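The next block holds one structure in the form of structure tokens; read it before the comments.
The values are calculated or read from the model by the stated rules, or taken from the named source; none is laboratory data. Here the structure is a predicted model, which means the values were calculated and not measured. Reconstructed Cβ throughout: ideal geometry from the backbone, glycine too, with neighbour counts over all protein chains shown. Side chains included, ligands, DNA and RNA excluded: accessible areas come from the protein's heavy atoms. Shrake-Rupley method; radii C 1.70, N 1.55, O 1.52, S 1.80 Å.
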Amino acid sequence: MDELIIANRKIKSRFFIGTGKFTSNEIVPDIIKSSEAQIITVALRRMDIHAAEPNDNILNFIDKSCILVANTSGARNAEEAIRLAHLAKATGCGNWVKIEVISDSKYLLPDNYETLKATKALVKEGFVVLPYISPDLMDAKRLVDAGASAVMPLGAPIGTNRGLKTKELLKIIIDEIDIPVVVDAGIGKPSHAAEAMEMGADAVLANTALATAEDPVLIAEAFKLAIQAGRKAFLSKPGVEKEVAVASSPLTGFLR
């Protein structure tokens, strides 16, 4: 059976979603339902358990059957990421955490070195760590050795909707490491997600692509279907590409 397993949990959907940038929290349940996503990432700053109004706390809009993954968005180094992970766990969000360490304010590229430091520390404390990284094979291998439960390399700079601009690097990581690879950031269209899955990615995460669409609920469903199609395509082992034309019928040219 083709199952995605992370930290000994069977994950029913290979589409992960982020919850930032939506015009309101009220739309989140509809997006989760349409996408059938099980893993949902939430930045700590949006987990306001003391909010005066229930609608101000994103946690009130995420079904309890989902796996909540705290995102250390805003952390500039390992120490800040670790502190945010501890705060998220203290609020009752569990021990799944997406490590996001960004010290670059222009391109918003992840700091792999600080991410590795945070991963090592949090794994030792029993966290299920999913680090967001620039797609570098050696760093991905170091994260595997550190105990990461998956790696989340970017497809393009975060929030750009540009697709798989790091495709060759992603393929290397997919081929060379033995924990799940979740393509994260830059995915803008369902076709981008399908392409990532056809390459052999284990899952795809999207947020900006949903939040900036005219119909976020409909595109969430489109992403779900594209990811399912991409996975089936990968498992089918498509035919190889060729440089010259090859007749599809053995009778081609028989009239000559």
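Just tell me the longest site-free run in the chain, where the sites are chymotrypsin sites (Phe, Trp or Tyr not before Pro) in a DSSP loop having at most 15 other beta-carbon atoms within 10 Å. Walk me through the numbers before you get to the answer.
Details: sites that count: Y107, F254.
With chymotrypsin sites (Phe, Trp or Tyr not before Pro) excluded where exposed in loops, the chain gives 108-253 as its longest stretch.
Subtract the Cα-Cα distance of K12 and L218 from 0.36 nm times their separation in residues, and report this length gain in nm to one decimal.
Working: separation 206, 0.36 × 206 = 74.16 nm, distance 2.01 nm.
Stretched out fully, the K12 to L218 stretch lengthens by 72.2 nm.
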Taking the Cβ-Cβ separation of L108 and E3 as r and a Förster radius of 35 Å, what is the calculated FRET efficiency to the nearest 0.05?
0.60
Region 58-84 and region 110-161 have their Cα centres apart by a whole-number Å value of 15
Write down the accessible area per residue of region 101-256 in Å², having rolled a 1.4 Å probe over the full set of protein chains.
52
Kindly write out, for region 199-212 in residue order, the coupling ³J(HN,Hα) from the Karplus curve 6.51 cos²θ - 1.76 cosθ + 1.60 (θ = phi - 60°), rounded to whole Hz, with x marking Gly and Pro.
6, x, 4, 7, 6, 9, 10, 9, 9, 4, 4, 6, 5, 9
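Helix-derived [θ] at 222 nm for the chain: sum -39500 (n - 2.57) over DSSP H runs of at least 4, divide by residue count, nearest 500? Working shown, then result.
On the way: 8 runs with 88 residues, N = 256.
It comes out at -10500 deg cm²/dmol, rounded to the nearest 500.
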Among beta bridges that DSSP assigns inside the chain, antiparallel share in %, nearest 5
10
Could you size up the charge dipole of the chain around its Cα centre, putting +1 on the beta carbon of Lys and Arg and -1 on that of Asp and Glu, and report it in debye to the nearest 20?
320
How much length, in nm to one decimal, is gained on full extension between S65 and K165, taken as 0.36 nm per residue of separation minus their Cα-Cα distance?
32.6 nm
Hey, any idea what the orientation-averaged projected area of the convex hull of the chain's Cα atoms comes to, in nm²?
16.4
Measure nothing but the geometry: give the 0 to 90° angle between the long axis through the Cα atoms of 112-124 and the longest principal axis through the Cα atoms of the chain, rounded to 10°.
70
Taking the Cα atoms only, what angle lies between the long axis of helix 216-235 and the longest principal axis of the chain, rounded to 10 degrees?
50
Using the Kirkwood radius built from alpha carbon pairs, what does the Stokes-Einstein equation give as D for region 141-210 at 20 °C and 1.002 mPa s, in µm² per second?
181
Based on the Kirkwood radius over alpha-carbon pairs, what value in µm²/s does the Stokes-Einstein equation return for the translational diffusion coefficient of region 98-155 at 4 °C and 1.567 mPa s?
117
Angle check, please: helix 137-146 long axis (alpha carbons) against the longest principal axis of the chain (alpha carbons), in degrees 0 to 90, nearest 10.
50
